[in-house]
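Okay, so here's the structure we're looking at.
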Amino acid sequence: MTKPSITLIGGGLVGALLGTLLARRGYRVDLFEKRTDPRRAGFAGGRSINLALAERGLHALRQADLADEVLEHAVMMRGRMVHPREGASGLQRYGVDDSEVIWSVARGGLNVLLLDAAEAAGVQLHFGQSLASADFDARRIRVIDDHGIHREVEAGVLIGADGAGSALRAAMDAHTPLGLRVEALGHGYKELEIPPAQGDGRARFALEPNALHIWPRGGYMCIALPNTEGSFTVTLFLPAKGAHPSFASLPDAAHAAAFFREDFPDLLPLIPNFAEDYDSHPVGTLSTLYLDRWHLDGRALLIGDAAHAIVPFHGQGMNCGFEDTVALADLLAESGRDTADAFAEFQRIRQPDADAIAQMALENYVEMRDSVADPHYLAKRELGAALAERIPSHYMARYRLVTFTHLPYAYALERGRAQDALLRRLLGESCDAKTVDLAAAEALFKSALPPLAHG
C-alpha cells in the first residue's frame, strides 16, 4: 500500500519531531514554516523561553534517537524550591529520588536540534512560508512568503502542527466547523531574567540550579527555571485586569519594581535589568483551547497545541504534543490503515487525555501559587509520600503519574481524584500527617482502590 505524501504546517517543536518520525517511516514529508530558518536567522522570541521536559517527552525523543543529545543541553530540576514571603526556602521533591526529575530546556536550542534531525531524516523544509488558505477538495494550499508573494502548492495529507494560533485550523474550521471554543484564564505572564552571578572569576548560578523556583503569593506567583549557561528565566504570572496586583495596575517598570520590593524582596535584587526587561517584554496571554473535531476525514488533521492548547502550569504542553507525535506516527504506520481511519482513531485515543491534562494544568496553577505553602496541602503531601513508600502498588502521587509514567492523562486525573479523596478522609481537619495510623491508611487504600495500572 503506497504511503501518502504528508504536508506539515508548522516547524516548531511538535512539527519538527513529527516530520522526523514520519520520514523515518518512509513518508515523503514537506514542512512549511512561517518563520525564517532559526538555524540561520537566530531564534525569534514570542513564546516562553524555557520548557520542562518530562518522561513522556523523553520517550518521544527516544523514538527519534534524540533524547541523549537533548539532555546534554538541559538542566535537571529535582523539585520545587518554594520561596515564601517570610521565612526560609524549602525544596519539595517531584519524585522519590534522582531517577524522577524533570529537565529545563531552552525552546530555541531544542527547535534547532529538531529541525536538524528532520532535515537529516529527509523532510523537505520550506521556511518563510505562511499558510494563506487551503482547498481541501483540490488538495492544494496557498502560501505567502516574507515579501508578500503568493503561490499555490499541491498538498499531500495536511497535518497542522502550527500551534495555538493555527492557520490550518482556521482553514479547516471555515470548511467544516470544528466546534472551537477558547477559555481564557484571565491571567497573563511576563518574562524576566536572572543573569549568572559572578564568583571566582567565573559565572555561576545565583540560585540553587537543580530546582524549579516558585514564589507563591496566593492569587499570583513568580517562577524561575535554570538555563545551562547559569541564568534563570523568571516568569511573573498575574491577573491581566482588575485590582492591584494585576498587569493593569503595573503599567510600567516603576510600578512593577515597587510591587516586587513589597512582594518579592529576595527576587528583585537578582534581576539587574528589571526595568528594561519589564518594559520591553510583552504580556503573554493564557488560554485553553478545545475542539470537537480534530480532523477532516483523512485529508487534514490538527496535532499538539493546534488541537488542544493548554495553560503551562503542569509543564506538560510540549510533553503532550510529543506524545501525540508518537501515537500518530504509530497509527499511520499500521499496515492497511488509511488516513481517515488513523485520524479518527488518533482523536478517539488522544482527546480524553488532552482534556484531562488541560484540567490538571488549570488545577496546578492554584497548587503552585497557593497550595505549596498551605499546611493542609503539605500534610497531604507528607502522608502521600509515606503511603508511596509503604504501598507503592496502590498509591502514587498524581504529579508522579503525570510526569514520570506513560499512563494516560485521563487515568492520572481519575486516580488522582480518588486518592486525594482518601487522603482528605484520613486527615480530616488535621494538618499533621503523623496523626494518621498508616496501617489503617493502607487498609483503606487497598479496600477502596484497585492496584495501580502499569505504564
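In summary, ALA88 fulfils each of the numbered conditions (1) exposed (fewer than 14 other Cβ atoms within 10 Å of the Cβ); (2) of a type in the set (A, V, I, L, M, F, W, C); (3) under 30 Å from ARG24 (Cβ atoms) with the single exception of condition (3).
Of the listed requirements (1) farther than 30 Å from TYR189 by Cβ; (2) in contact with a helix residue (DSSP H, G or I) (Cβ under 9 Å, 6 or more places away or on another chain); (3) surrounded by fewer than 17 Cβ atoms within 10 Å (Cβ to Cβ), HIS406 misses just one: (1). If you go through the range 91-102 and keep only what is crowded, with 20+ Cβ neighbours inside 10 Å and of a type outside the set (A, V, I, L, M), you end up with just TYR94. Screening ALA170 on (1) closer than 26 Å to THR285 by Cβ; (2) surrounded by fewer than 19 Cβ atoms within 10 Å (Cβ to Cβ); (3) at pLDDT below 95; (4) not acidic (Asp, Glu) shows it passes everything except condition (3). Pairing residues of the range 231-254 that are open to solvent by 50 Å² or more (accessible area, probe 1.4 Å) with residues that are among the small types (Gly, Ala, Ser), at Cβ distances under 6 Å and at least 6 apart in sequence or on separate chains, gives LYS241/ALA248.
Taken as a whole, the range 321-334 holds at least one residue that is among the aromatic types (Phe, Trp, Tyr) and crowded, with 23+ Cβ neighbours inside 10 Å. If only residues of the range 428-455 that are among the polar types (S, T, N, Q) and over 13 Å from ALA386 (Cα atoms) are counted, the one that is modelled with the lowest pLDDT is SER430.
Is it the case, given these coordinates, that LEU289 is surrounded by 23 or more Cβ atoms within 10 Å (Cβ to Cβ) and either of a type in the set (Ser, Thr, Tyr) or closer than 28 Å to GLY455 by Cα (or both)?
Values: surrounded by 23 or more Cβ atoms within 10 Å (Cβ to Cβ): no; either of a type in the set (Ser, Thr, Tyr) or closer than 28 Å to GLY455 by Cα (or both): yes.
Answer is no for this residue.
The selection criterion, being closer than 13 Å to ILE9 by Cβ, open to solvent by 20 Å² or more (accessible area, probe 1.4 Å) and either of a type outside the set (A, V, I, L, M) or in contact with an Asp or Glu (Cβ under 8 Å, 6 or more places away or on another chain) (or both), does not hold for HIS150.
Scanning the range 348-366 for residues that are open to solvent by 20 Å² or more (accessible area, probe 1.4 Å), in contact (Cβ under 8 Å) with a residue 24 or more places away in the chain and of a type outside the set (A, V, I, L, M, F, W, C) turns up GLN351, PRO352, ASP355, GLN359.
Report yes if some residue within the range 329-339 is small (Gly, Ala, Ser), within 26 Å of ALA134 (Cα to Cα), at pLDDT 95 or above and assigned to a loop (DSSP other than H, G, I, E, B); otherwise report no. Can you show your working first?
Filtering the range 329-339 for residues small (Gly, Ala, Ser) gives 329, 333, 335-336.
Restricting the remaining residues to those that are within 26 Å of ALA134 (Cα to Cα) gives 329, 333.
Among the residues that remain, those that are also at pLDDT 95 or above are: 329.
Subsequent filtering for residues that are assigned to a loop (DSSP other than H, G, I, E, B) retains none.
No, the conditions are met nowhere in the range 329-339.
A Cβ distance below 7 Å, combined with a sequence gap of six or more or placement on separate chains, defines the contacts here; from the range 14-38, residues that are among the basic types (Lys, Arg) reach residues that are open to solvent by 10 Å² or more (accessible area, probe 1.4 Å) and not in a loop (DSSP other than H, G, I, E, B) in the pairs ARG24/ALA121; ARG25/ALA333; LYS34/GLN129; LYS34/SER130; ARG35/PHE127.
One residue stands out in the range 58-75 among those that are under 19 Å from VAL326 (Cα atoms) and among the acidic types (Asp, Glu): the one that is surrounded by the most Cβ atoms within 10 Å (Cβ to Cβ), namely GLU69.
Of the strands (runs of 3 or more DSSP E) lying entirely inside the range 143-225, those containing at least 1 residues that are farther than 30 Å from PRO4 by Cβ are 181-194, 197-199, 202-204, 212-216.
The values are calculated or read from the model by the stated rules, or taken from the named source; none is laboratory data. All values derive from a computational prediction rather than experimental measurement. Every residue, glycine as well, gets a Cβ built from its backbone with ideal geometry; the counts of neighbours run over all protein chains shown. For accessibility, only protein heavy atoms count, side chains too; no ligands or nucleic acids. Shrake-Rupley method; radii C 1.70, N 1.55, O 1.52, S 1.80 Å.
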